[in-house]
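Enquirer: Shown below is the structure under consideration.
The values are calculated or read from the model by the stated rules, or taken from the named source; none is laboratory data. Predicted, not measured: the structure shown is a model, and the values here were computed from it. Don't worry about glycine lacking a Cβ; one is built from the backbone with ideal geometry, like all the others, and counts go over all protein chains shown. Keep in mind that these areas ignore ligands, DNA and RNA; they rest on the heavy atoms of the full protein, side chains included. Shrake-Rupley method; radii C 1.70, N 1.55, O 1.52, S 1.80 Å.
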Amino acid sequence: MRVVSLVPSLTEAVAATAPGLLTGVTDWCTHPAGLTAARIGGTKNPDVAAITALAPDLVIANEEENRAPDLAALRRAGIDVLVTEIRTLDQAFTELDRVLTTGCGLPRPRWLDEAEAAWAALPAPSGSPRPAIVPIWRRPWMVLGSDTFAGDLLARLGVRNVYAHHAERYPRTPLAELNGSGAELVVLPDEPYRFTADDGPEAFPGLPAALVDGRLLTWYGPSLLQAARELPSALR
């Protein structure tokens, strides 16, 4: 079987399970290291002609990360496209199983069972959730809003996204508003914007900052096991 992945998380999931299936991946597919599959452009601008030339049996995609017109063009070319929707941890486990077992025809991998068990074993948060803001970009400032996978992970770890009920999923928000939001924590991932100890915390004086691995917060795949082990302490 020949598979093209348009989603870095799904690329890692397939590569960890049956790396020989991958015939094409995006320029943003960085894990695991040493991928030898053909590069077919970005998640938002894949080269449809290059993908078609690879003659894949399946293209795996995501409704948020990939554009509907690109997926429609692939279908018009006669390619089977499997589109995932992942906005919660439970959805992640369900959709990963669907991609790997139904889409790729593989046995359910051990790493998926281990990741699901690791999250199920985490103790329920005690006390009131800690209100937090989660910037994902600056210039302009953008934060996690409603209905996001990362927001669901944070909630399971006792962190309440202040903007979880915003009308937008990734609202642009003035810095003054963020600092006046009542948050008790700012969570700063290193992707898509690379926040660091020297670039980000200084914008939120007096507010504790948790610098986290963005892959652990936003990717769904084998990294979910590491996320269950490391995120709880990173958010303290």
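Enquirer: Using only the alpha-carbon atoms of the range 160-236, report the extent along each of the three principal axes, biggest first, to the nearest angstrom.
Expert: 37, 30, 21
Enquirer: Here's a follow-up. So I have [x] 21.5, 72; [y] 18.8, 61; [z] 18.5, 56, and one of them is Rg and Dmax of the Cα atoms in Å calculated from this model. Which one is it?
Expert: Computed from the coordinates, Rg and Dmax of the Cα atoms in Å corresponds to [z].
Enquirer: Along Cα→Cβ, 7 Å out, is where each label goes; now give me the distance between the ones at E64 and N179 in nm to one decimal.
Expert: Output for this residue pair reads 2.9 nm.
Enquirer: Around R229, what is the net charge, scoring Lys/Arg as +1 and Asp/Glu as -1 over all other residues with Cβ under 12 Å from its Cβ?
Expert: Once all neighbours under 12 Å are counted, the net charge is -3.
Enquirer: Of the peptides 163-173, 96-106, how do they stack up when ordered by the mean number of other Cβ atoms within 10 Å, highest first?
Expert: 96-106, 163-173
Enquirer: Moving to a separate point now. When the accessible area of the chain is computed with all protein chains present and a 1.4 Å probe, what percentage of it is carbon and sulfur?
Expert: Using a 1.4 Å probe with all protein chains present, the chain comes out at 52 percent carbon and sulfur.
Enquirer: Sticking with this one: For the chain, what does the helix formula give at 222 nm: sum of -39500 (n - 2.57) over DSSP H segments with n ≥ 4, over the residue count, nearest 500 deg cm²/dmol?
Expert: -9000 deg cm²/dmol
Enquirer: Once you list every other residue whose beta carbon is under 14 Å from the beta carbon of H165, what net charge do they have if Lys and Arg are +1 and Asp and Glu are -1?
Expert: -1
Enquirer: Work out how much length L54 to S128 would gain on full extension: take 0.36 nm times their residue separation and subtract the Cα-Cα distance, in nm to one decimal.
Expert: Here the answer is 21.5 nm.
Enquirer: I'd like the GluC sites (Glu not before Pro) in the range 1-85 restricted to DSSP loop residues with at most 14 other Cβ atoms within 10 Å, sorted by number.
Expert: Those that pass, being in a loop and sparsely packed, are E63, E85.
Enquirer: Moving on to the next point. Place the peptides 185-198, 211-224 in order of packing, highest mean first, counting for every residue the other Cβ atoms within 10 Å and averaging per peptide.
Expert: 211-224, 185-198
Enquirer: How many angstrom separate the Cα center of the range 93-162 from the Cα center of the range 3-70?
Expert: 22 Å
Enquirer: Expressed as a fraction of 2.2 N^0.38 Å, the rule-of-thumb size for a compact globular protein of N residues, what is the C-alpha radius of gyration of the range 105-230?
Expert: Ratio of Cα Rg to 2.2 N^0.38 Å: 1.11.
Enquirer: What is the spin-label model distance, in nm, from E85 to R236 if the labels are put 7 Å beyond Cα along the C-beta direction?
Expert: 3.8 nm
Enquirer: So how strong a dipole does the chain carry about its Cα centre when Lys and Arg Cβ are +1 and Asp and Glu Cβ are -1, to the nearest 20 debye?
Expert: 100 debye
Enquirer: Pull up the DSSP beta bridges for the chain and report the antiparallel fraction as a percent, rounded to 5.
Expert: Counting DSSP beta bridges with both partners in the chain, the antiparallel share is about 20 percent.
Enquirer: Thinking of the range 1-101 as a set of Cα atoms, what percent of all their pairs are more than 21 Å apart?
Expert: Beyond 21 Å sits 24 percent of the P(r) for the range 1-101.
Enquirer: Normalise the Debye intensity by I(0) for the range 81-160, one equal point scatterer per Cα, no solvent, then take log10 at q = 0.13, 0.15, 0.24, 0.25 Å⁻¹ and round to two decimals.
Expert: Debye curve over Cα of the range 81-160, log10 I(q)/I(0) at q = 0.13, 0.15, 0.24, 0.25 Å⁻¹: -0.55, -0.69, -1.13, -1.16.
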